Amino acid sequence: MEKISEETLKNWHKNPKYWKLGLFYYNKEDKRLLVDKRNPNYGATLNFAHKKSYWFLLIIFSFFGFIVYMITRNQ
């Protein structure tokens with residue numbers, strides 16, 4: 001696999017066409033699962049073009065759904 005230059009990564013990150021609704025990063029050429037948000041001070045976001053991003057979301061939502069279920073089932 002060819003290493004992508006830091007300059008290319010920065011250009012992708014700045015390009016608005018890879019940001020859906022200004023919030024969701026979607027770039028099929030970028031193989032990273034996690035990328036910095038548009039303002040890096042706010043953390044990271046998923047690259048929704050990456051197949052594993054949907055599995056990641058499913059696991060997170062399942063975990064929190066399980067926690068809510070466990071808390072509310074005895075009430």
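The values are calculated or read from the model by the stated rules, or taken from the named source; none is laboratory data. As the structure is a computational prediction, the values presented were derived from the model and not from experiment. Here the Cβ is made from the backbone with ideal geometry for all residues, glycine too, and neighbour counts use every protein chain on show.
Which residues, counting only those in the range 32-70, are in a loop (DSSP other than H, G, I, E, B), free of Cβ contacts under 8 Å to residues at least 12 places away in the same chain and among the small types (Gly, Ala, Ser)?
43
Might you let me know whether the range 20-31 holds any residue that is assigned to a helix (DSSP H, G or I), exposed (fewer than 14 other Cβ atoms within 10 Å of the Cβ) and small (Gly, Ala, Ser)?
Within the range 20-31, none of the residues are assigned to a helix (DSSP H, G or I), exposed (fewer than 14 other Cβ atoms within 10 Å of the Cβ) and small (Gly, Ala, Ser).
Residue-by-condition table, conditions (1) of a type in the set (A, V, I, L, M); (2) modelled with pLDDT of 95 or more; (3) surrounded by 10 or more Cβ atoms within 10 Å (Cβ to Cβ):
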| residue | (1), (2), (3) |
| --- | --- |
| 43 | no, no, no |
| 47 | no, yes, yes |
| 60 | yes, yes, yes |
| 65 | no, yes, yes |
| 69 | no, yes, no |
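So for the range 7-15 (the condition being under 12 Å from the mean Cα position of the chain (by Cα) and of a type in the set (A, V, I, L, M, F, W, C)), does at least one residue qualify?
No, the range 7-15 has no match at all.
Considering the range 1-19 alone, what residues qualify as being of a type in the set (D, E, K, R) and either within 19 Å of residue 51 (Cβ to Cβ) or outside any loop (DSSP other than H, G, I, E, B) (or both)?
Passing the criteria: 6, 7, 10, 14, 17.
Give me the residue from the range 1-19 that is closer than 22 Å to residue 57 by Cβ and of a type outside the set (A, V, I, L, M, F, W, C) and, out of that set, surrounded by the most Cβ atoms within 10 Å (Cβ to Cβ).
In this case the residue turns out to be 18.
Can you tell me which residues in the range 49-71 are within 20 Å of residue 19 (Cβ to Cβ) and of a type in the set (Gly, Ala, Ser)? Talk me through it step by step, then tell me what you get.
Narrowing the range 49-71 to residues within 20 Å of residue 19 (Cβ to Cβ): 49-54, 56-57.
If the condition is that a residue be within 20 Å of residue 19 (Cβ to Cβ) and of a type in the set (Gly, Ala, Ser), then 49, 53 are the ones that fit.
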